[in-house]
There are 2 protein chains.
Amino acid sequence: MAKVAPRTLSGFMELLPADQIKMEKMMETLRKSYSVYGFAPLDTPIIESAEVLLAKGGGETEKQIYRFNKGDSDLALRFDLTVPLAKFVAANYGSLTFPFRRYQIGKVYRGERAQRGRFREFYQADIDIIGDGKLDIINEAEIPAIIYHTFTALGLKGFKIKVNNRKLLNGFYSLAGMSEKAGDIMRTVDKLDKIGANKVRQLLMNELHMFSHKADDVMDFMAISGTNAEVIAGLERYKGMDPLFDEGLEELKTVTRYLASFGVPEKNFAIDLSIARGLDYYTGTVYETEMTAHPEIGSVCSGGRYDDLAGYYTDKKLPGVGISIGLTRLFYVLNEQGMLSDETVCAPADALVIPMAEDLGYAIAAATALRDAGIRTQLYCEQKKFKAKMSYADKLGIPYVILIGEDEMSENVVAVKNMQSGKQEKLSFSDAAALIKKDMDERAHAAVIKE
Amino acid sequence: MAKVAPRTLSGFMELLPADQIKMEKMMETLRKSYSVYGFAPLDTPIIESAEVLLAKGGGETEKQIYRFNKGDSDLALRFDLTVPLAKFVAANYGSLTFPFRRYQIGKVYRGERAQRGRFREFYQADIDIIGDGKLDIINEAEIPAIIYHTFTALGLKGFKIKVNNRKLLNGFYSLAGMSEKAGDIMRTVDKLDKIGANKVRQLLMNELHMFSHKADDVMDFMAISGTNAEVIAGLERYKGMDPLFDEGLEELKTVTRYLASFGVPEKNFAIDLSIARGLDYYTGTVYETEMTAHPEIGSVCSGGRYDDLAGYYTDKKLPGVGISIGLTRLFYVLNEQGMLSDETVCAPADALVIPMAEDLGYAIAAATALRDAGIRTQLYCEQKKFKAKMSYADKLGIPYVILIGEDEMSENVVAVKNMQSGKQEKLSFSDAAALIKKDMDERAHAAVIKE
């Protein structure tokens, strides 16, 4: 029979079991963290009608979309989780209770040019809070808490949640008479981290043809930094000249005021006036999250406040606030940096039962007892030499081997071997289960990220 | 702005939050149950090269496949989880340790004619054990235990795991001189449950042109039933005439011998000589699972032993055994039958914190304390009347409301209202957390299926 080469498409992540177990643990942590903040799960189709998916108009994204016909239907694969959310909320408006808080962790598709670390199929992990007509600022203040607790649960310590407010920016540009150029200026200022203040100032003058004193105004504004209190004090100086600016400043003050109550340490938080995010979409608070030791990676969790989730589907005004983690890319980066912990068990099982007597009933009963106690257990019954059986446990990193021979059967015990320490002891079924369970429960607390 | 109607394609399941929470609980139960039996998670791409996906030749399935071009690539969406497993094992043969035990819960795509209860996008939840060259019969004996414990964990009681052996069938047809017609006979006999013995006998004679005594031979064989011991005794009468039959009988005896050790009650198990499953694929034990109260639904978990997982990709002989649950259809059927429990909390949160004082710091700190204790908590800060706030909790079925006014703040407590009993009491943060946690932990034990 002619063989076909079994290959996986480039740009599609497919992990070996030990890595996949880490990925699953990341997803489980996210599900749990989002749930604790009162978000309900949502699962939308990966395929949608192209008309529905592209209702907003895709712009740059449209070229990357996987779009095809099936019968008479013009179909497309989702390229984010926001458009499907908009569709879902618009379609089910009458059945939902607002504010509607949902999380979704799912695969999205973009036919980007394949390159290292870029994926065509990747997981996004999103949360959004959607209001019906209105949505209180406290929802924006809550987002940094969700980011903080989520990354802390994943095991990351060195990260900073950077926050800005679009009203503040738009207000500033308006009072400085730069509203027309605001978009271009924001795109330029966005490069501050990468190219530095001098080069940004030059770009403002050379490319945007700004007078030097105007460019200085922008640079002065962007230079406002320090503790939250210092930044707020710096911003207060611009107060009273533009109502939108004042509104943004009030919002920013509310967001910072409750940080401590929300359990967010100030060291993990910073107001950063240079970030702007998606220019047409966000209208209030915007968020980015930087890994302190790896700023080159860019933001690992971003989002913001928007006023109109689903205008292309419905007349209802649906403001919201949301954030998104690019999970596949985050996993890839953490793995590349050696930041994924092996402390949590990456083996497919906690215990391997190896029967050494002919009748298997006793060994099977032992495996059943361990499984009933919640211990991930494999039963090894292949016809192999003893050494090959032990090597199987070793290769997979299974921490405990349960040996069962005639002796153990007659004594009504099992021989438990700790593969790390080499220690072997005879124990009853229940004592063996308790020993292994205790160790596993301790290891289960290990976070998936180590620094 | 012209609006696009926000619709979801027919044949694609999209659940409202309360139902989705039940679906998530089912998936979590499956992940946990499969893990306890020592299976590692696998996640393969939804898109594969069409050449790779259709290497085996699709037959009937091929027409249903979502296939399309992107640039120069001929792509297709996976239609099951078995072909991607074959690809994965063939491609990563050198990196895997055998027997390789994997589970995968993921969406697959089939462009079937849309009809009620039929889905074009649906979850399968598969496990497989893949051997390298050989695979011991004990792996086949273990499968009923996995099915039993999985459905029991889901909360189902009335189900029967029906087991047969293809060697036994092929051996019987061979010794009866009916090997040529074996496929047709098996397809006819498969209708026994639906049309009864008389009609099957007539079909055998009229459509397959069998002599009446041959048809009687088949019907006599299929009529062997009763307890495991009785069926085995009935089969022993055919022993010694065909080596394949004898091998099949030995295998069936091994599978039944260890049921008790594996913790499977005999009432949930039956040998059923009429089931055959995929005719070209399975070569040993085959499995079906019937919901006792709903035989009309057909098998909710099926599979079997096969000898050649990946012959179209590799020369390696990779025998295996696996089962699959059609999760989306199972969920749909259970929901239709009213068999999904509301006992487990379907609300997006366990507690809703409602601040009634102007300063929100205290209320936020209370919400943070509850969240730190693992309680799924929402903070309600919209500018609404008190009645509307309580109605929000009510509509979503949130079991506890935490009211925080000036009184509570000055006394350093919260007012906890049990929405079901109406009871309200003032408690410290930690007592409130303990009270709610205890209730939630108890409810978390409720299974997702009720009968």
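Starting from residues that are facing another protein chain (nearest Cβ under 8 Å) and not in a loop (DSSP other than H, G, I, E, B), keep the ones in segment B:41-60 and report whichever is farthest from A:LEU16 (Cα to Cα).
Keep residues of segment B:41-60 that are facing another protein chain (nearest Cβ under 8 Å), which gives B:41-49, B:51-52, B:55.
From what's left, not in a loop (DSSP other than H, G, I, E, B): B:41, B:47-49, B:51-52.
Working: B:PRO41: 9, B:ILE47: 18, B:GLU48: 17, B:SER49: 20, B:GLU51: 23, B:VAL52: 19 Å.
Result: B:GLU51.
Can you pull out every residue in segment A:1-18 that is free of Cβ contacts under 8 Å to residues at least 24 places away in the same chain and of a type outside the set (Val, Ile, Thr)?
Hits for segment A:1-18 are A:MET1, A:ALA2, A:LYS3, A:ALA5, A:PRO6, A:ARG7, A:GLU14, A:LEU15, A:LEU16.
Looking at A:ARG110, A:ARG116, which is the one that is surrounded by fewer than 23 Cβ atoms within 10 Å (Cβ to Cβ), more than 12 Å from every other protein chain (Cβ to nearest Cβ) and either at pLDDT below 95 or more than 17 Å from A:GLU288 (Cβ to Cβ) (or both)?
That would be A:ARG116, the only listed residue that is surrounded by fewer than 23 Cβ atoms within 10 Å (Cβ to Cβ), more than 12 Å from every other protein chain (Cβ to nearest Cβ) and either at pLDDT below 95 or more than 17 Å from A:GLU288 (Cβ to Cβ) (or both).
Give B:LEU244, B:LEU175 a once-over and let me know the one that is more than 19 Å from B:GLU288 (Cβ to Cβ), among the aliphatic types (A, V, I, L, M) and at pLDDT below 95.
Answer to the selection: B:LEU175.
In the list B:ARG31, B:ARG101, which residue meets the criterion of being in contact with a strand residue (DSSP E or B) (Cβ under 7 Å, 6 or more places away or on another chain), of a type outside the set (Gly, Ala, Ser) and open to solvent by 40 Å² or more (accessible area, probe 1.4 Å)?
B:ARG31
Could you say whether any residue in segment B:79-91 is within 30 Å of B:ALA233 (Cβ to Cβ), in contact with a Gly (Cβ under 8 Å, 6 or more places away or on another chain) and buried (at least 19 other Cβ atoms within 10 Å of the Cβ)?
Checking segment B:79-91: not a single residue is within 30 Å of B:ALA233 (Cβ to Cβ), in contact with a Gly (Cβ under 8 Å, 6 or more places away or on another chain) and buried (at least 19 other Cβ atoms within 10 Å of the Cβ).
Are any of the residues in segment A:312-319 free of Cβ contacts under 8 Å to residues at least 12 places away in the same chain and open to solvent by 30 Å² or more (accessible area, probe 1.4 Å)?
yes
Answer yes or no as to whether A:SER73 is more than 23 Å from B:ASP19 (Cα to Cα), among the small types (Gly, Ala, Ser), more than 24 Å from the chain's Cα centre (by Cα) and surrounded by fewer than 20 Cβ atoms within 10 Å (Cβ to Cβ). Before the answer, list the steps.
Numbers: more than 23 Å from B:ASP19 (Cα to Cα): yes; among the small types (Gly, Ala, Ser): yes; more than 24 Å from the chain's Cα centre (by Cα): yes; surrounded by fewer than 20 Cβ atoms within 10 Å (Cβ to Cβ): yes.
The answer is yes for A:SER73.
Just to be sure I understand, how many residues within segment A:34-60 are open to solvent by 10 Å² or more (accessible area, probe 1.4 Å), out of contact with any helix residue (DSSP H, G or I) (no Cβ under 7 Å at 6 or more places or on another chain) and not small (Gly, Ala, Ser)?
Number satisfying all stated conditions: 2.
Looking at this structure, is A:ALA446 touching a residue at least 40 places away in the same chain (Cβ under 8 Å), small (Gly, Ala, Ser), more than 21 Å from B:TYR258 (Cα to Cα) and open to solvent by less than 30 Å² (accessible area, probe 1.4 Å)?
It is true that A:ALA446 is touching a residue at least 40 places away in the same chain (Cβ under 8 Å), small (Gly, Ala, Ser), more than 21 Å from B:TYR258 (Cα to Cα) and open to solvent by less than 30 Å² (accessible area, probe 1.4 Å).
Going through segment B:126-153 one residue at a time, which ones are within 25 Å of A:ILE105 (Cβ to Cβ) and touching a Cys at 6+ places or on another chain (Cβ under 9 Å)?
Passing the criteria: only B:THR150.
Based on what the data block shows, is B:LYS63 more than 7 Å from chain A (Cβ to nearest Cβ) and surrounded by fewer than 14 Cβ atoms within 10 Å (Cβ to Cβ)?
Here the answer is yes, as B:LYS63 does meet what is asked.
Restricting the search to segment B:230-255, which residues are open to solvent by less than 50 Å² (accessible area, probe 1.4 Å) and not acidic (Asp, Glu)?
Result: B:VAL231, B:ILE232, B:GLY234, B:LEU235, B:TYR238, B:PHE245, B:GLY248, B:LEU249, B:LEU252, B:LYS253, B:THR254, B:VAL255.
Under 7 Å between Cβ atoms, at least 6 apart or on separate chains: pull out the pairs that start in segment A:87-101 with a residue that is more than 7 Å from chain B (Cβ to nearest Cβ) and end on any residue that is assigned to a helix (DSSP H, G or I) and modelled with pLDDT of 95 or more.
A:LEU96/A:VAL89; A:PHE100/A:VAL89
Any idea which of A:TYR306, A:TYR287, A:TYR281 is touching a residue at least 24 places away in the same chain (Cβ under 8 Å), away from every other protein chain (no Cβ under 14 Å), among the aromatic types (Phe, Trp, Tyr) and open to solvent by 30 Å² or more (accessible area, probe 1.4 Å)?
The match here is A:TYR281.
Just checking, does segment B:373-380 include any residue being outside any helix (DSSP H, G or I), open to solvent by 10 Å² or more (accessible area, probe 1.4 Å), at pLDDT 95 or above and more than 10 Å from every other protein chain (Cβ to nearest Cβ)?
Checked against the condition, which is being outside any helix (DSSP H, G or I), open to solvent by 10 Å² or more (accessible area, probe 1.4 Å), at pLDDT 95 or above and more than 10 Å from every other protein chain (Cβ to nearest Cβ), segment B:373-380 yields no hits at all.
Assuming A:ALA233 fulfils every condition listed in (1) in contact with a helix residue (DSSP H, G or I) (Cβ under 7 Å, 6 or more places away or on another chain); (2) assigned to a helix (DSSP H, G or I); (3) of a type in the set (A, V, I, L, M, F, W, C) apart from one, which condition is it?
Single failed check for A:ALA233: (1).
Tell me which strands (runs of 3 or more DSSP E) are completely within segment A:69-146 and hold 3 or more residues being under 29 Å from B:LYS395 (Cβ atoms), or say none if there are none.
Filter on segment A:69-146 gives A:100-109, A:121-130.
Is it fair to say B:LYS25 is modelled with pLDDT of 95 or more and farther than 30 Å from B:LEU309 by Cβ?
yes
I need a count of the residues in segment A:1-13 that are at the interface with another protein chain (Cβ under 7 Å from one of its Cβ atoms) and open to solvent by less than 40 Å² (accessible area, probe 1.4 Å).
Number of matching residues: 4.
The values are calculated or read from the model by the stated rules, or taken from the named source; none is laboratory data. Because the structure is a prediction, the values reported are computed rather than measured. In this analysis, Cβ positions are derived from the backbone assuming ideal geometry, glycine residues included, and neighbour counts consider all displayed protein chains. Protein only, heavy atoms only, side chains kept; ligands, DNA and RNA dropped before computing areas. Shrake-Rupley method; radii C 1.70, N 1.55, O 1.52, S 1.80 Å.
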